[in-house]
Structure formats: C-alpha cells, structure tokens
Amino acid sequence: MAIVVRQEARAEFGSADTVLVEIRSDSPAARTAVEQFAGDLTGLGAKFVSPPFAVPGGHLLMIDPGAADLRQAPDVITERLREAGVEDAVLAVPTRIGERYETIQALAPAARAWLRAPLARPFGDAPRTPPVWLAGLVHEWTGPDALAVVVSAEMPATEEAVAAAVTSGAPTAVVASDFATWVRAGAVTGGFGHLTPGATLTASGDVAADLRAQRDVVLAHADRLAWAGVSAVPDARDLLSAELPAEVGNLADLVVPDVMWCQVLSAGHVERLGGPPSGARRLDGDRWELVVGEPEQWVPGHPDLQRVRAQARDLLGACLVDADEAFSLARQRMVEARERDDEGFFPQGRRPRR
C-alpha cells in the first residue's frame, strides 16, 4: 500500500494548459484531502480550481494554472492524503476526450430534446437534490456500451459513474457512437447548487424518427417537468451540454428559449399566454403539449421550415422574450427567492433593491 504519483500526472502539472487529474482512492478520508488540496492550489496562485467531482474510485479536479507554477502540487496532495490517514492512493491523468468528439459534434442535422425539471428551493418549490432521475433517463436513452464524459474525462458509463458525477455537481454526458457516422447522446446538469436541473437528448441519423422517439421520452415524464422542447438542430455540436441559454436558465417555467416542433408547457407558460395556445393538448400534472407541423418540416433546409416557425411564434409570442425582459424577470425572481429563503441558501444581510 502506497501513495503513487504517476509520471504523466507530474507532467500535467508542469503544463501551462488546463490541468485535469484524478485522485484515486477507496478511502472515505480522501475527499477531505482533495478538498484541502483544492484550497492549496488556489493559495499557490491557480486561476481556477473546480470542486472535487466524484467518480467511481476517486475524484476529478480541473485546474487552470494561469501564471502559477504548480510543479510542486503532486507533493502537496501526497502530504494532504497522508495527513488524512489515506495510505493507498494514485494521482493519475484520466482519459480525455479528443478529436473524435469534434467529428460527432459536426454530424448534421440532429434531433435534440431539452428537459427542465422544476426549480428547487428557494427559487421554486422542488427539493434541492441532485437530479439522479434525469441521469437515469439519459442512461436509458443512450443504451448499453456507452461512454460517460465527466468534465472532459472519459470513462465507462455505468449507472454508478453517472449518478456519482451528477451528485457531485460535475458536468456529465453519456455518449454512444461509432465516432464517424452516428451518435446518440445525453447530458445532465443540476445547475448551480442543483437549482435548475435539466437534461438534453441528442441523436443523428434518421432525424424525424429520432424526434418522435425524443417526444415519447418527454411525454412519459411530462408531469415531472417544468418545460421540455423537441426539435431539429443544424448539427450535434452541443451534445455534451445540458445548459439552456443563460437568459432562460432560471425562467424555464415561464419562458421558452425558441420555437420548436414539440413543447411541453406548464402553468407559468399558460398564464403568460392568457390560456393554452390553440391546438395544445392537455396532459396530466397540469401540463400542455404543443406540436406545430410534422418533425420533417423542422429539419434545416426543409421548404416549410420558415412557415412552421412563424406559426409557432404566433402561438408562443408571450413566452418568447428578449434579453431585457428576461433580465427583468430573472431579477424579480431573485428578489422573491431571497424573501422566501428559509434554508440559508443566501448569505444574510444584503437584499437586492426592487
């Protein structure tokens, strides 16, 4: 039993680029040592240090050294592990994604679904817990023999690995692909503090069929979602991301990021619209499904694309907001969240002006 520093890990800390390392240990005390090490790196002048992201058998750290000299960092983590009573550990460099991911992100066109669970307290009423159920949904979408991408490290996509990463707040995706001609992927996030949980599903190949399959997934979980959208996109470039545009991030129960083939709307959307849009179908859980046209018509290059987009804009006008209105809505939501915070999420003292 020993603490081993792999040579490639020492070389990683000598790099001026972003550093990604894995501290492998089965000891429960290892996390404390890694958290202290993250603070040490900040003290050494690192520009950015991520929180420790959990993976089976260890933790990942991503570091931007900036102008700092971090060549002594492997010795620092070794000492931290020993102080914590960890006797068996390995500092290594995980397998990182590379050019083959650029290949599949360029596959065009693609089908994509966005799913947003209800906002967590104090911004909403849902408990502030990791969205493990969304991780399971993503895992089912991609099927067996997939790979997990945690931050930018690649590993087998076991349910344990995906759930652990999501629970620790890591940007997480699951990818099944031949890395040449097709991809089926999903990504999941809890957002900051697990406030804005959500997921995306992406597929290339038969776009219309994939869109219908994504709609089936969305409808199966509609009563657990604040909003969902399904539509064709020009390519698969965002397959590793579950994020919505920043201006929609904590407003997904009120506004929509764009017009789409299929959307699931909740009570906040319907209230802004003054009632359910024409043609919408009521679902369980006070949700509504709005479908505009056929999936084929939403594929880039289809002659009907502009027409169906215009039709959707007419139906969803009040839920399509510009940056100024989104900022105003987000500010109001922040004020309300501070006022209803009874869990100590916000620091005491300052309150934003209305």
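The values are calculated or read from the model by the stated rules, or taken from the named source; none is laboratory data. All values reported here derive from a predicted model rather than from experimental measurement. Virtual Cβ from ideal backbone geometry, glycine too; neighbours counted across all protein chains shown. For the accessible areas, the whole protein counts, side chains as well, though only heavy atoms, and no ligand, DNA or RNA atoms are used. Shrake-Rupley method; radii C 1.70, N 1.55, O 1.52, S 1.80 Å.
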Meets criteria (farther than 23 Å from G66 by Cα and open to solvent by 80 Å² or more (accessible area, probe 1.4 Å)) for D17 | no
Of the criteria (1) under 28 Å from A208 (Cα atoms); (2) open to solvent by less than 90 Å² (accessible area, probe 1.4 Å); (3) in contact with a Phe, Trp or Tyr (Cβ under 8 Å, 6 or more places away or on another chain), which one R282 fails = (2)
Quick one: count up the residues across the range 281-324 that are under 18 Å from P257 (Cβ atoms), touching a residue at least 60 places away in the same chain (Cβ under 8 Å), of a type outside the set (G, A, S) and in a helix (DSSP H, G or I).
-> 3
Please specify each residue of the range 255-269 satisfying the condition of being closer than 23 Å to A110 by Cα and part of a loop (DSSP other than H, G, I, E, B).
-> V256, P257, D258, V259, M260, W261
Condition check for E247: open to solvent by 50 Å² or more (accessible area, probe 1.4 Å), free of Cβ contacts under 8 Å to residues at least 60 places away in the same chain, more than 30 Å from A180 (Cα to Cα) and of a type outside the set (A, V, I, L, M) = no
Among the residues of the range 86-122, write down those that are more than 19 Å from A242 (Cα to Cα), in a loop (DSSP other than H, G, I, E, B), in contact with a helix residue (DSSP H, G or I) (Cβ under 9 Å, 6 or more places away or on another chain) and open to solvent by less than 50 Å² (accessible area, probe 1.4 Å).
-> V86, V93, P122
Yes or no: R272 within 24 Å of A213 (Cβ to Cβ) and open to solvent by 50 Å² or more (accessible area, probe 1.4 Å)?
-> no
Output the residues belonging to the range 146-178 that are open to solvent by less than 10 Å² (accessible area, probe 1.4 Å) and in a loop (DSSP other than H, G, I, E, B).
-> A170
Can V34 be described as in contact with a helix residue (DSSP H, G or I) (Cβ under 9 Å, 6 or more places away or on another chain) and assigned to a helix (DSSP H, G or I)?
-> yes
All conditions in (1) in contact with a Lys or Arg (Cβ under 8 Å, 6 or more places away or on another chain); (2) of a type outside the set (V, I, T); (3) not in a helix (DSSP H, G or I) are true of D223 except (3)
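Give the range 179-192 a look and list any residue that's crowded, with 21+ Cβ neighbours inside 10 Å and within 15 Å of the chain's Cα centre (by Cα), or say none. Steps first, answer last, please.
Filtering the range 179-192 down to residues crowded, with 21+ Cβ neighbours inside 10 Å leaves 183-191.
A185, G186, A187, V188, T189, G190, G191, listed by residue number.
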Among the residues of the range 41-72, write down those that are surrounded by fewer than 19 Cβ atoms within 10 Å (Cβ to Cβ), within 21 Å of S27 (Cβ to Cβ) and touching a helix residue (DSSP H, G or I) at 6+ places or on another chain (Cβ under 6 Å).
-> P56
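Of all the residues that make up the range 193-205, how many are touching a Leu at 6+ places or on another chain (Cβ under 9 Å) and either open to solvent by 10 Å² or more (accessible area, probe 1.4 Å) or within 20 Å of P52 (Cα to Cα) (or both)? It would help to see each step written out before you state the result.
Going through the range 193-205, the residues touching a Leu at 6+ places or on another chain (Cβ under 9 Å) turn out to be 195-205.
Filter once more, keeping what is either open to solvent by 10 Å² or more (accessible area, probe 1.4 Å) or within 20 Å of P52 (Cα to Cα) (or both): 195-197, 204-205.
Summing the residues that are touching a Leu at 6+ places or on another chain (Cβ under 9 Å) and either open to solvent by 10 Å² or more (accessible area, probe 1.4 Å) or within 20 Å of P52 (Cα to Cα) (or both) in the range 193-205 gives 5.
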